[in-house]
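Below: one structure, written as structure tokens.
Every number in this text was worked out from the coordinates using simple rules, so none of it is lab data. The structure displayed is predicted, hence computed values, not measured ones. Here the Cβ is made from the backbone with ideal geometry for all residues, glycine too, and neighbour counts use every protein chain on show.
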Amino acid sequence: MSSSAWFAPRVALSPRRERALTALSFFLPLLLWATVSYTPFIWHPNIEITEPGSVSYFQQGMQIERAAFNEELERQRAAGGSLPDGVRANPVYLPAPHEVAIAFYTSFTTEPQRRSEQWLHQSLWHSIQIIFWGFILSSVVGVPLGILCGTFAAVSRIQEPFVEFFRYLPAPAFGALAVAILGIYDGPKIAIIFIGTFFQQVLVVANTTRQLDISLLEAALTLGANRRQLLFKVVIPGILPQLYRDQRILLGWAWTYLIVAELIGTSSGITWFITQQARYQNFENVFAAIIMIGIIGLLSDVALAKLGKSLFPWERASNKA
Amino acid sequence: MNTANFKLPSYLTQSEAVKARFDDLKRRDVILEVSELGKTFESINGPVTALEGVNFRVHRREFVTVIGPSGCGKSTLIRILAGLESTSTGEVLLGGHPVDTPGPDRGMVFQGYTLFPWLTVKKNVMFGLRNQGFGDAEASREALEWIQLVGLEKFADVYPDELSGGMKQRVAIARALAAKPRILLMDEPFGALDAQTRSKMQSYLLEIWRHLDITVLFITHDLDEAIYLADRILVLDANPGRVNEVIEVAVPRPRTPAQFLQPEFLSARQRLDELIHPPSVTEEAVALDLSRLVREGEQTDAQD
């Protein structure tokens with residue numbers, strides 16, 4: 001095993017090395033996080049007070065900056081009062097891995113505190129539905145439009161300049177408008193996902209359609225294909241695998257609009273959970289929720305990638321998928 | 001190849017049998033008639049004339065190859081015949097009817113492999129048939145016959161990416177023929193293949209052509225290929241592209257690779273050489289400044 005084989009340009013790694021590196025890519029950040037959390041002399045800028053002593057405003061469990069604590073300690077020592085004591089701690093917004101792990105588990109098992117509140121999985125499910133409908137609505141219009149833009153120059157000309165302009169407008173800027181038109185519940189949230197996805201989608205799909213080898217269209221023409229057959233029997237099947245990959249990427253973008261979308265109108269879904277927990281300073285719950293979004297995103301993408309391989313068997317033949 | 005030392009017959013000399021064959025050929029219907037064809041492209045440096053005053057006729061079941069120096073517009077010519085490009089002047093008649101759009105009456109085999117990667121070999125061959133309104137079962141049956149003809153029945157359900165270059169072009173030929181064209185247009189179809197596969201494909205093509213009622217117009221830049229396949233060779237000039245000469249190949253049919261050394265073959269080859277590589281060009285090409293390289297070579301020799 002020569003070390004150079006690890007870094008040969010554009011040479012595939014052995015499956016074993018690939019698996020090892022995949023594991024490492026998650027393990028290394030976790031290791032860094034654990035190191036900062038569990039090694040008292042690394043960072044830990046605060047002191048968590050275990051014994052208030054004679055300092056009037058100290059309370060047990062309270063956190064204070066190290067410099068301020070030392071100042072108070074010196075003052076008490078000089079004044080001869082009882083000395084405060086404490087342990088070094090990280091700020092409350094950086095909980096340790098095990099705390100987040102516990103929060104991750106308990107967030108599913110803890111009943112909502114008020115009747116109006118939802119279980120975490122209900123919040124998540126609500127978020128997934130918002131994404132789903134926003135993305136589906138966008139795709140129903142955006143994908144056909146993109147294909148037409150990529151196929152017919154006339155459609156592209158009357159369509160794309162405006163789309164190019166519109167895609168620079170930040171989707172959240174339409175929040176107030178969306179609320180005015182669609183009310184305060186799910187409508188405006190779906191609308192934001194839609195706006196955030198749609199305009200990119202038209203351009204990406206149009207571009208993918210243009211990448212299709214023109215000689216395939218020419219071959220079809222010499223085989224007597226008419227315009228309709230060109231579109232449905234050559235263009236669409238020809239771009240399908242790439243279109244599928246585009247949709248996966250666009251779905252990822254849709255997720256990035258989720259948090260902003262859910263803040264519009266009545267806050268809901270996973271965003272409501274996160275903002276609520278941050279307000280109570282339960283940062284381990286906030287982390288748990290963020291990680292959960294990541295896991296859902298990653299798992300759905302891996303599932304879609306696997307599905308793609310079985311959907312397009314001719315891609316497997318050439319090892320492109 | 002310097003064939004001038006041998007006493008070759010004129011490339012115009014034809015044996016009785018070959019002459020009779022050409023007489024018979026010329027009595028057949030004219031399938032394709034090209035008259036005063038011209039094509040001008042707009043470029044940033046002004047208009048460029050790719051083709052000018054091209055005239056020729058192709059008879060039924062004739063095999064015509066088109067050859068010429070690069071830039072003579074052979075690809076433009078075949079794309080116009082296929083209807084993939086418009087003419088600037090002149091006319092193309094197929095069976096007496098003008099053509100200006102692509103159609104299944106002119107099958108085309110491209111140099112690049114234009115098989116549909118998402119369709120199996122059989123579905124590729126069925127494509128033209130389905131466009132013509134054949135039902136699935138009938139198109140499938142017909143397609144299998146064509147696949148058998150090119151000897152790929154074992155690969156009927158395989159995707160094109162799993163095939164070698166030669167096999168892909170065999171499928172492309174089967175696909176074009178299955179649509180029942182009146183003429184098969186081939187644009188350097190074997191240009192991307194290695195020499196061995198190419199010569200095999202040439203024999204394949206001749207064999208297929210011998211058994212079918214199909215007219216072929218075949219573009220190539222390979223002189224031997226042009227002679228080996230053709231009844232007549234259309235030699236084009238460059239800048240602007242126009243027909244320089246039409247050579248009737250005196251090599252008897254059926255053809256075999258052994259004929260590459262026959263006098264008729266060599267005399268045609270010599271004539272093509274003269275037309276495609278005029279002497280002036282070959283001489284000036286070697287005028288390189290080699291002094292430094294030669295010195296290095298001499299040093300190496302001295303060390304040995």
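Hey, what D do you get for the range A:46-89 in µm²/s if you plug the Kirkwood alpha-carbon radius into Stokes-Einstein at 37 °C and 0.692 mPa s?
Once the numbers are plugged in, D ends up at 331 µm²/s.
Looking only at B:Gly83, B:Gly73, B:Gly96, which one moves most when chain B is put into a Gaussian network model with springs between Cα atoms under 10 Å?
B:Gly96
Pop a pseudo-label 7 angstrom from the Cα along the beta-carbon direction at both A:Ile128 and A:Arg279 and give the gap in nm to one decimal.
Here the modelled spin labels are 2.6 nm apart.
Got a sec? How would A:Tyr244, B:Tyr113 order by Cβ neighbour count within 10 Å, fewest to most? Before the final figure, lay out the partial values.
Working: A:Tyr244 17, B:Tyr113 21.
Listed from fewest to most nearby Cβ atoms, that is A:Tyr244, B:Tyr113.
If you take each beta carbon of peptide B:119-132 and count the beta carbons of other chains within 10 angstrom, what is the mean?
So the per-residue partner count for this stretch is 3.
Most mobile of A:Thr50, A:Thr22, A:Thr197 per a Gaussian network model of chain A (Cα springs, under 10 Å)?
Among A:Thr50, A:Thr22, A:Thr197, the largest GNM mean-square fluctuation belongs to A:Thr22.
Shielding by partners for B:81-93, please: the mean number of other protein chain Cβ atoms within 10 Å of each residue's Cβ. Walk me through the intermediate numbers first.
On the way: counts 0, 4, 3, 7, 1, 0, 0, 0, 0, 0, 0, 0, 0.
If you average over the peptide's residues, the count of other-chain Cβ atoms is 1.
Give me the percent of DSSP beta bridges within the range B:99-250 that run antiparallel, rounded to the nearest 5.
40
Set the bar at 20 Å for Cα to Cα. Now go through B:Lys123/B:Lys168; B:Lys122/B:Lys154; B:Lys122/B:Lys168; B:Lys19/B:Lys200 and name every pair that lies beyond it. Numbers along the way, then the final one.
On the way: B:Lys123/B:Lys168 13 Å; B:Lys122/B:Lys154 11 Å; B:Lys122/B:Lys168 12 Å; B:Lys19/B:Lys200 28 Å.
Over 20 Å Cα-Cα: B:Lys19/B:Lys200.
Order A:278-284, A:165-171 from most to least packed using the mean count of other Cβ atoms within 10 Å. Display every interim value, and only then the final one.
Details: A:278-284: 14.6, A:165-171: 12.9.
Result, highest mean Cβ count within 10 Å first: A:278-284, A:165-171.
Using a ≥ b ≥ c from the Cα gyration tensor of the range B:181-225 (square roots of the eigenvalues), is it rounded, prolate or oblate, where a/c under 1.5 gives rounded and otherwise the larger of a/b and b/c decides, a/b for prolate?
oblate
What's the whole-number percent of alpha carbon pairs in the protein assembly as shown lying beyond 48 angstrom?
So the portion of pairs separated by more than 48 Å is 43 percent.
So what is the diffusion coefficient of chain A in µm² per second by Stokes-Einstein at 37 °C and 0.692 mPa s, using a Kirkwood Rh over Cα pairs?
Approximately 134 µm²/s, per Stokes-Einstein.
Name the aspartates and glutamates eligible as straight-distance cross-link partners of A:Lys233: C-alpha to C-alpha under 18 Å, and not fewer than 8 places from it in the same chain.
Straight-line reach from A:Lys233, under 18 Å: A:Asp213, A:Glu218, A:Glu315, B:Asp136.
Extension gain B:Arg141-B:Asp301, at 0.36 nm per residue separation less the Cα-Cα distance, in nm?
50.8 nm
Stokes-Einstein at 37 °C, 0.692 mPa s, Kirkwood radius from Cα pairs: D for the range A:1-50 in µm² s⁻¹?
235
Enter the per residue convex hull volume of the range A:53-144, computed from alpha-carbon coordinates, in Å³ rounded to the nearest integer.
Roughly 185 Å³ of hull volume per residue.
Which value at 222 nm does the protein assembly as shown reach when only helices count, each DSSP H run of 4 or more adding -39,500 (n - 2.57), with the total divided by all residues and rounded to the nearest 500 deg cm²/dmol?
The per-residue figure over the protein assembly as shown is -17000 deg cm²/dmol.
Working only with C-alpha atoms, what are the Rg and Dmax values of chain B, expressed in angstrom?
21.7, 77
Per-residue mean of other chain beta-carbon atoms within 10 angstrom of the beta-carbon, peptide B:107-118? Provide the component values of the computation, followed by the final result.
Values: counts 4, 6, 2, 5, 1, 4, 3, 10, 2, 9, 11, 13.
Per residue, the number of nearby Cβ atoms from other chains is 6 on average.
Name the aspartates and glutamates eligible as straight-distance cross-link partners of A:Lys189: C-alpha to C-alpha under 14 Å, and not fewer than 8 places from it in the same chain.
Within reach: A:Glu262.
Going by how many other Cβ atoms sit within 10 Å of their own, how do B:Glu274, A:Glu48, A:Glu262 line up, fewest first?
B:Glu274, A:Glu48, A:Glu262
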